[in-house]
Amino acid sequence: MSDPTDLLHIPAVYCPGKPTPHPLTREAEQQSIAYMDKYQLFWDEAQRERLVHGDSAAVGGYLVPDGTPERLQLATDMSMWAFAWDDEFCDEGPTRDKPMELADAAYRIQRAMESVEVVLDPNDRYAMAWRDLMLRVTRYCAPLDAALWVEGARSWFFTEILKACNVRRGLTPDLSTYMVIRVATGATPLYSLLPQMVRAIPVTPAMIADRRICAIREMSALTMNCYSDLCSYRKERHRTGDGHNFLDVVRREYALDEADGVLVAVDYINRMMHRYHTLGEQVVRDCHDPVVERYVTSMWNYTAGGMLWCRESRRYRFLDGMTTDPETFLDAGFLDAPPSDDTSPLPIPSISWWWHVSSA
């Protein structure tokens, strides 16, 4: 295992555009800290400090460059909740390798989301905090957004339970399986709804069901998540090291050392981003629909903003997530153009369908 104080060198990655966080991000972050304290979304004071100083809420503002303050607050509060719950229940807490206990906790939170009219258990701090969020979602967002939000949480919880089963049994996924897992861990199904919710984009059921939009939504999430895995690699291996990281999986898949694994991982991220933008441009050009154009553009903003947050966040930049430990990675920034003209599908069966959806 590499010394956690050794910097991971990340080459420049293709990430077009200039991500701009919402101008009220830091103000919303302070309100999210108060929200966290109100519901005690941490297991001890040290974890609270990591959440406060690790920019856990701010990522919500990086993903959406505009939107009303009330909707922005939804994004930053949700992000604070997600990092708190993910740390306590999925990655570092006592249920990270106990799928039955994790399923029990997730089930109760899921039901609290589905029945916001009543309080099911006033002593369940995470369920109470999520009910608070859900009430605001139903107040400020479209009914379709609220329904997708509930189902997104279900997908996230189910996948985290699967991951906990793997950790419990000492299993690590192959690359194709990992991509299916990573598209739904870390609250991704909820994060990927924030652009349409915060920016009030009137998506329709037909849009959501469109296979091209489905591909764009998956690519937006996985491209950013795989880059996030590189930025968080040293921190994860230091704190948990369960093998559920894109770089770990690439290294196992191809029997590579760390340096060569990084090169392959970055190449795959670049090729995913290339396909993501190529398909998005085709969809915008062919649909002639301003709502579709707003949606595709918002997802581009989402991915670029999230990747910028990964580079800047103290959660990943420093080993303890708070700036007192050594830096964990050195990155070469972003590229405005793809470094290669290779447009062939990646050799990963579970995501190869992205290259088989047409723009027509």
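The values are calculated or read from the model by the stated rules, or taken from the named source; none is laboratory data. The structure displayed is predicted, hence computed values, not measured ones. With ideal geometry, Cβ positions are generated from the backbone for all residues, glycine too; neighbour counts draw on all protein chains shown. Only protein heavy atoms, including side chains, enter the accessible area calculation; ligands, DNA and RNA are left aside. Shrake-Rupley method; radii C 1.70, N 1.55, O 1.52, S 1.80 Å.
Values computed for the structure shown
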{"item": "Qualifying residue in region 223-235 (condition: open to solvent by 10 Å² or more (accessible area, probe 1.4 Å), of a type in the set (Phe, Trp, Tyr) and in a helix (DSSP H, G or I))", "result": "no"}
{"item": "Cβ pairs under 6 Å, 6+ apart, first in region 49-60 and touching a residue at least 60 places away in the same chain (Cβ under 8 Å), second of a type in the set (Val, Ile, Thr)", "result": "Ala58/Thr25; Gly60/Thr76"}
{"item": "Top-ranked residue in region 28-48 [being part of a loop (DSSP other than H, G, I, E, B) and not hydrophobic (A, V, I, L, M, F, W, C); ranked as surrounded by the fewest Cβ atoms within 10 Å (Cβ to Cβ)]", "result": "Asp44"}
{"item": "Pair list, Cβ < 8 Å and 6+ apart or interchain, from region 113-130 residues that are at positive phi and of a type outside the set (Lys, Arg) to residues that are at pLDDT 95 or above and open to solvent by less than 20 Å² (accessible area, probe 1.4 Å)", "result": "none"}
{"item": "Residue count, region 151-181 (criterion: assigned to a helix (DSSP H, G or I) and either open to solvent by less than 20 Å² (accessible area, probe 1.4 Å) or farther than 30 Å from Glu117 by Cβ (or both))", "result": "21"}
{"item": "Residue within region 280-303 that is among the hydroxyl-bearing types (Ser, Thr, Tyr) and outside any helix (DSSP H, G or I) present", "result": "no"}
{"item": "Region 283-311, subset aliphatic (A, V, I, L, M) and closer than 18 Å to Glu218 by Cβ, residue most open to solvent (accessible area, probe 1.4 Å)", "result": "Val284"}
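Table: residues versus (1) touching a Ser or Thr at 6+ places or on another chain (Cβ under 9 Å); (2) farther than 19 Å from Pro339 by Cβ.
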| site | (1), (2) |
| --- | --- |
| Arg275 | yes, no |
| Gln282 | yes, yes |
| His288 | no, yes |
| Arg294 | no, yes |
| Glu312 | no, yes |
| Tyr316 | yes, yes |
